[in-house]
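Bear in mind these aren't lab numbers, they're just calculated from the coordinates by the rules spelled out. All values reported here derive from a predicted model rather than from experimental measurement. Positions of Cβ are backbone-derived with ideal geometry, glycine not excepted, and every protein chain shown enters the neighbour counts.
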Amino acid sequence: MMSELHINLSESLKSKPASDALGFGKYFSDHMFIMDYSSEDGWHDARIIPYGPISLDPSAMVLHYGQEVFEGMKAYRTPLGEIAMFRPDMNLKRLNNSCERISIPQVDTEFVLEAIAQLVRIDQEWIPDGEENALYIRPFIIATEAALGVRASKQYMLMVILSPVGAYYPEGIHPVSIYVEEQYVRAVRGGTGEAKTSGNYASGIKAQEIAKTKGFSQVLWLDGKQHKYIEEVGSMNVFFKVNGEILTPALTGSILQGVTRDSVITLLREWGYTVVERVISIEELFEASRQGLLEEAFGTGTAAVISPIGSLSWGDKNTEISGGVTGELSQRLYDSITGIQRGKLADPFNWVYTVK
Ligand SMILES: *Cc1c(COP(=O)(O)O)cnc(C)c1O
């Protein structure tokens, strides 16, 4: 059942946006991938069809109880004219891990990767020109059974949509100011922080808005129980360079396992850095900063790749990092990862998947 992929091409292609004004997630390509699930038939009816609205019953369970998971990755055009994706196997494995947590039936990752490759191939004209631009790929699964009642849905829909995106920061990578959130939490151990599921983001919006009002770009999330230990920054994983060593919060169950996080750790170790994954308290970090040992801090994620942190504000304490400019290591990581992703640098870890 899973081996068949039906393709119905659009008869009227849309005009494409200018590649210097893409923004993030504003435009969508001509086609999308859809596959349905029912408890009788499993995953079935895989198809690529023209991009457009879908119809859902108002009682579709996702609309009421949030049974949803998603992923985010990018496709690039290499200097050789090939289409490259970055570690998509990790994204699809994570999709299944998220499914498992939210009681959504898992997918055949090889089949879905092949379907995504086919969709990107069909819409490859949507991979935008321009140094920092890419085609963002958003796979997601929603519970579609028409029924009220809190339980796992018996029907689901997996969709993949494509969006040409610009650099996350149009002015290039630059340090952002971060507000350490002490009241609201993103996730708790035993909760769903480890899954890429919509509820985690809905619950974080309020804190993000408050931080924005106060003039900060993003929030730094502390652990949900004691509000003491550093977890993530916005929807990115977070790293600190303290006295030459690299620290990042250990994956204790409430932190998303970022593909960029894993790539950063691998590269840093390759370069001879000591990377320590452990519990890090905000107090310890401010103390390191007071002693002049906090050398760099940055967030990691597919959208921005590396996002340097220029300052942290925690209660009435404020600390500037790297003199408020992009640190040397942050820049080196950004250049290396984007270079590998775009086929401009050697790929020693076999991270690049070429869409043939
Ligand atoms: C997606 C995401 C990340 C980053 O993961 P990548 O695989 O590196 O893009 C980190 N934290 C949260 C909460 C996320 O949703």
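Rounded to the nearest 0.05, what FRET efficiency do residue 252 and residue 290 give with R0 = 30 Å and r taken as the Cβ-Cβ distance? Could you check?
0.70
Magnitude of the Cβ-charge dipole of region 178-254, K/R +1 and D/E -1, about the Cα centre, nearest 20 debye? Mind showing how you got there, number by number?
Numbers: 9 positive and 8 negative charges, 24 e Å.
Charge dipole of region 178-254: 120 debye, to the nearest 20.
Give the distance, in whole Å, between the Cα centre of region 289-313 and the Cα centre of region 198-257.
Here the two parts' Cα centres lie 12 Å apart.
Which GluC sites (Glu not before Pro) does region 110-180 hold that lie in a coil by DSSP with at most 13 other beta carbons within 10 Å?
Working: sites: 110, 114, 125, 131, 132, 145, 171; in loops: 131, 132, 145, 171.
Here the sparse-neighbourhood loop sites are 131, 171.
Sequence neighbours fewer than 8 away in the same chain don't count; with that in mind, list the lysines whose C-alpha is under 29 Å from residue 206.
26, 74, 196, 214, 225, 228, 317
Looking at the calculated P(r) for region 203-356, what percent of the C-alpha pair distances fall above 18 Å?
Working: 6877 of 11781 pairs.
Above the 18 Å cut-off, region 203-356 has 58 percent of its Cα pairs.
With label points built 7 Å along Cα→Cβ from the Cα atoms of residue 124 and residue 40, find their separation and express it in nm.
Distance between the two pseudo-spin positions: 4.0 nm.
Taking the Cα centre of region 2-165 as origin and charging only Cβ (+1 Lys, Arg; -1 Asp, Glu), how large is the dipole, in debye to the nearest 20?
420 debye
Could you tell me which of 173, 224, 326 has its Cα farthest along the dipole of the chain towards the positive end, charges placed at Cβ (Lys, Arg +1; Asp, Glu -1), taken about the Cα centre?
The residue sitting most towards the positive pole is 224.
Around residue 67, what is the net charge, scoring Lys/Arg as +1 and Asp/Glu as -1 over all other residues with Cβ under 12 Å from its Cβ?
Charge balance in the 12 Å sphere: +1.
Just the Kirkwood number for the chain, please: inverse of mean 1/r across all distinct Cα pairs, in Å, one decimal. Numbers along the way, then the final one.
Working: mean 1/r = 0.0468 Å⁻¹.
Here the Kirkwood hydrodynamic radius works out to 21.4 Å.
Quick one: net charge of residue 17's neighbours, Cβ under 14 Å, K/R +1, D/E -1?
Working: positive: 14, 16, 26; negative: 20, 30, 123, 125, 129.
Here the count lands on -2.
If the only charges are +1 at each Lys and Arg Cβ and -1 at each Asp and Glu Cβ, what is the size of the charge dipole of the chain around the Cα centre, to the nearest 20 debye?
Here the size comes out at about 360 debye.
Over all directions, the average projected area of the alpha-carbon convex hull for region 18-57 comes to how many nm²?
Numbers: hull surface 17.3 nm².
The Cα convex hull of region 18-57, projected and averaged over all directions, gives 4.3 nm².
Please report, to two decimal places, log10 I(q)/I(0) for region 167-258 at q = 0.15, 0.19 Å⁻¹ as given by the Debye formula with identical point scatterers on the Cα atoms and no solvent.
With one equal scatterer per Cα and no solvent, log10 I(q)/I(0) is -0.60, -0.94.
Count charges around residue 294 for me, please; just the other residues with Cβ under 13 Å from its Cβ, Lys/Arg as +1, Asp/Glu as -1.
Result for the local shell: -4.
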